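Here the structure comes first, spelled out in C-alpha cells, and everything after it is commentary.
The values are calculated or read from the model by the stated rules, or taken from the named source; none is laboratory data. It should be emphasised that the depicted structure is a prediction, and the values quoted were computed from it without experimental measurement. We place every Cβ from the backbone using ideal geometry, glycine too, and count neighbours over all the protein chains shown. Side chains are part of the model used for accessible areas, which takes the heavy atoms of the whole protein and leaves out ligands, DNA and RNA. Shrake-Rupley method; radii C 1.70, N 1.55, O 1.52, S 1.80 Å.
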Amino acid sequence: MPAPTRTLTVADVHRFVDEQVFRNAPPREHEGRKVGVELEWIAVARDGAACTPDALRALIPALPGHSRLTFEPGGQLELSGPPALGLGAALVAMRADTAAVRGALADAGIDLVGAGIDTRGDRARVLHEPRYSAMEEYFDVAWPAGRTMMRNTASIQVNVDIGAPDEVDDRWRRAHDLGPVLTACFANSPFDAGGRPSGFRSTRAAVWQAIDPARTTSARRHDRDAAARPDWARYVLDAPVMMICVDDAHSVAVQPRQSFEQWIVDGHALGWPTSDDLAYHVTTLFPPVRPRGWLELRMIDALPEEWWPVAVAVTVALLDDPLAAECATTATAPVRERWSTAAREALHDPALGEAAQWCFDAALLALERNGADSATVDAAEEYAERFVRRSRCPADDLLDDWAGHPASV
C-alpha cells in the first residue's frame, strides 16, 4: 500500500535483492541441495462439464507429499511441492501427490492433462481477486496474449538452490544458458488455444514471449560476466509497475507505463512505493529464471505423467552435478540467446539439437549420483532415445497425430 511521502530509495532495492532475494544456501557438502517441483495441469471432465476450483478442491484429499494445491486464472490446477533435500525426495513426494490427485479426480470422471496450452478455446477467468483483474487490464492495453497466458498456459517449474556465496553468479548464468535448450527439449504445445497448429513447438513459450518484454524476457544482462545481484536489481528497477494495491480489496493497473525506479523517484498520484510495494512488484515479474531466495526455472511446458520427472531430473542434474554442469556450460554457449528459436523450432534447429544431445547425455550420466531412482533413469533414457537423439520433442508427436487424425485434437 503506497505511502503519502517518499519512503524507499534505489539503494533500498539493492539491499532487498542482497538480503532477501539472494539468500545464500550452505555449501553442498554441508547438507546438500534443495529441490522444489511445481506442476500445472489442465483438468478436463470427460462429460465436458466445467471444472471449477471449488469443485476440484472438494474432491481432492490431503496430499501425502504435502504439496500446496492452488489454481491459475483459467482454472489450471497447480501442485507446488515443498522444498526437499535432494532430487530423489522431491520426485517421490510429487509422484505421490500427483497419484493422489489423479486418482481422486478420475473417480469423478476428470482427467489431468499435461500440455503447455489448453486447446479448448479461450477459457473463462475463474479467479476474480483484485490482482488478476488488474493484471488482465494491464495486459489488455498492449498485449492481448496476456489473456491466453493467464487462462490457457500450463508449465513445469523447477526450483533449485541459489548456491553458496562463491557459486551464485555461475549458477545464475548457467540457469539462463540452459533455458533455450530446456524449452526446446520439452516443447509440448504445438497448437493454439483453438486447437490449430500455431507454427511453434512451444506455443506456451511463444505466448509468454509475446507479452510485456520488460517483465517476461531474460533478466540476465547481455554482458557474459554480469553478476546475479546487479542483474536482478536492474531488472526490478526497470520493469514497469503493473498494479498498485490501494488496499486489500482494490488493485489499480498502472497506465501510462512507469518503471519501479520512476515510481521511487517521481511518485504517483496514489502515493510513493513502500517496502511492501517492492515485494509485491517482484511477484509481477515473470522472467524464465526468477530468483526468490532460490532460482525458479519457468521455461518448461507441462508434460504428461510419464515425462515430467524427466524434465525435473535433467534440469537438476545440469545445474547441481559439477561434471554435468561443466558440460552444460560449454554445450549451451552457442545457443544461450535462442529463446524464440527454441519456441518455434525446438530441436529441429541444428544448434539447439546438438546442444540438447550434449546436455542430455551429461545429465544421464549424472542422474544416479544425484539421487534419481531407477524409474526416473529409465524414463530419461527412453526420452533421450525417443526424442532428443532424433532432434524431436513431444510436440512433434502431437503434430504427427494431428496430421493423421485432425479430429482427435
| For the chain, modelled as a Gaussian network with Cα springs under 10 Å, which listed residue fluctuates most, Leu278, Leu56, Leu270? | Leu270
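If you place +1 on the Cβ of every Lys and Arg and -1 on the Cβ of every Asp and Glu, how big does the dipole about the Cα centre of the stretch 26-164 come out, in debye to the nearest 20? Numbers along the way, then the final one.
Numbers: 14 positive and 18 negative charges, 38 e Å.
Computed charge dipole of the stretch 26-164: roughly 180 debye.
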| Karplus 3J(HN,Hα) series, Hz, for the stretch 236-250 with 6.51 cos²θ - 1.76 cosθ + 1.60 (x for Gly, Pro) | 4, 5, 7, 5, x, 6, 6, 8, 10, 7, 6, 7, 4, 9, 9
| With a Cα-only, solvent-free Debye model of the stretch 275-409, what are the log10 I(q)/I(0) values at q = 0.09, 0.12, 0.14 Å⁻¹? | -0.32, -0.56, -0.73
| Rg to Rh ratio, the stretch 122-266, alpha-carbon atoms and Kirkwood radius? | 0.99
| Distant-in-sequence amide H partners of Met243 (H built 1.01 Å from N, under 5 Å) | Val254
| What's the Kirkwood radius of the stretch 153-210 in Å, using all Cα pairs? | 13.2 Å
| field | Max mean-square fluctuation residue, GNM over the chain, Cα-Cα springs under 10 Å, options Pro144, Pro61, Pro291 | value | Pro61
| said: Under the rule a/c < 1.5 gives rounded, and otherwise a/b versus b/c splits prolate from oblate, where does the stretch 247-330 land using the Cα gyration tensor? | reply: prolate
| query | In debye to the nearest 20, how big a dipole does the chain give about its Cα centre with +1 on each Lys and Arg Cβ and -1 on each Asp and Glu Cβ? | reply | 500 debye
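Quick one: compute a quarter of the convex hull surface over the Cα atoms of the chain and quote it in nm². Can you show the working numbers first?
Numbers: hull surface 76.7 nm².
Here the figure is 19.2 nm², rounded to one decimal.
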| query | When only C-alpha pairs under 8 Å and at least 6 residues apart count, what is the relative contact order of the stretch 1-127, in percent? | reply | 31 percent
| Computed [θ] at 222 nm, helices only, for the chain once each DSSP H run of length n ≥ 4 contributes -39500 (n - 2.57) | -13500 deg cm²/dmol
| task | Please find, in a Gaussian network model of the chain (springs between Cα atoms separated by less than 10 Å), the residue of Trp41, Trp272, Trp172 whose mean-square fluctuation is greatest. | result | Trp272
| request: Please report the Cα spread of the stretch 124-186 along all three principal axes, rounded to whole Å, starting with the longest. | output: 44, 27, 22
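For Ser374 and Gln20, FRET efficiency with R0 = 41 Å and r from the beta-carbon atoms, rounded to 0.05? Provide the component values of the computation, followed by the final result.
Details: r = 39 Å, r/R0 = 0.96.
The calculated FRET efficiency here is 0.55.
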| note | Share of accessible surface on carbon and sulfur in the chain, whole %, 1.4 Å probe and ligands ignored, is 53 percent
| remark: With the 1.4 Å probe rolled over protein heavy atoms, the stretch 70-122 has an accessible area per residue in Å² of 33 Å²
| field | Pairwise Cα inverse-distance average, inverted: Kirkwood Rh of the stretch 324-366 (Å) | value | 10.4 Å
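So in the stretch 156-310, what percent of DSSP beta bridges are antiparallel if you round to the nearest 5? Provide the component values of the computation, followed by the final result.
On the way: 15 of 16 bridges.
In the stretch 156-310, DSSP labels about 95 percent of beta bridges as antiparallel.
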| Considering the dipole of the stretch 204-315 built from charges on the beta carbon (Lys and Arg +1, Asp and Glu -1) around the Cα centre, which of Cys245, Val312, Gly271 is farthest to its positive end? | Val312
